[in-house]
Amino acid sequence: MEEVFDFLKKSETYFLATLEGDQPRVRPFGTVNVFEDKLYIQTGRVKSVFKQMKANPKIEICAMAEGKWIRVEAVAVEDDRLEARQHMLDAYPALKSMYAADDGNSTVCYLKDATATISSFTETARVITF
């Protein structure tokens, strides 16, 4: 999991895919954090992406860094604890201008049953499960 975290941090921006009904939706994200040995992402409860993850928690993340790309399949599980939200905000202080851990909007999800595949044009793909 640490290798996946490091890859996503290096990429700075990753793309998160969800479903809205039968329509795929993809958008850029930048938050990724490790809390209590789980990989977390952050969003707002009022956003469509959160509503899509609640309706169908299966997501996929894709990012590129240093000539390689990663695809992470996972189930997004909301963690409604204040401590988890605050840990993310502490890791990304710029978010504090938009969110507070107790604002009723900020939310974090950890990735469950995740499979990450790191690929390139020159190396054999590697699979990491966590």
Please list 81, 27, 71 from largest to smallest accessible area, probe radius 1.4 Å, with all protein chains kept in place.
71, 81, 27
Gyration tensor verdict on the chain (Cα atoms; rounded if a/c is under 1.5, prolate if a/b is larger than b/c, oblate otherwise)
prolate
Between residue 125 and residue 86, what is the spin-label point distance in nm, taking each point 7 Å from the Cα along the Cα→C-beta axis?
4.2
Nearest-20 debye value, the stretch 1-62 charge dipole, Cβ charges on Lys, Arg, Asp, Glu:
420
Quick one: helix 2-11 against the long Cα principal axis of the chain, what's the angle to the nearest 10°, folded into 0 to 90?
90
Note to self, the chain gives a 222 nm [θ] from helices alone (DSSP H runs n ≥ 4, -39500 (n - 2.57) apiece, / all residues, nearest 500) of -6000 deg cm²/dmol
Cα centroid of the stretch 42-59 to Cα centroid of the stretch 72-89, whole Å:
12
Give the lysines whose C-alpha is closer than 26 Å to that of residue 51, dropping any in the same chain fewer than 8 places away, or say none.
9, 38, 96, 112
In degrees, nearest 10, range 0 to 90: what is the angle between the Cα axis of helix 82-91 and the longest Cα principal axis of the chain?
60
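The values are calculated or read from the model by the stated rules, or taken from the named source; none is laboratory data. Predicted model, so just to flag it, every value in this text is computed and none were measured. Cβ sites come from the backbone with ideal geometry, for glycine too, and all protein chains shown count toward neighbours. Accessible surface is based on the protein model in full, side chains and every heavy atom, while ligands, DNA and RNA are left aside. Shrake-Rupley method; radii C 1.70, N 1.55, O 1.52, S 1.80 Å.
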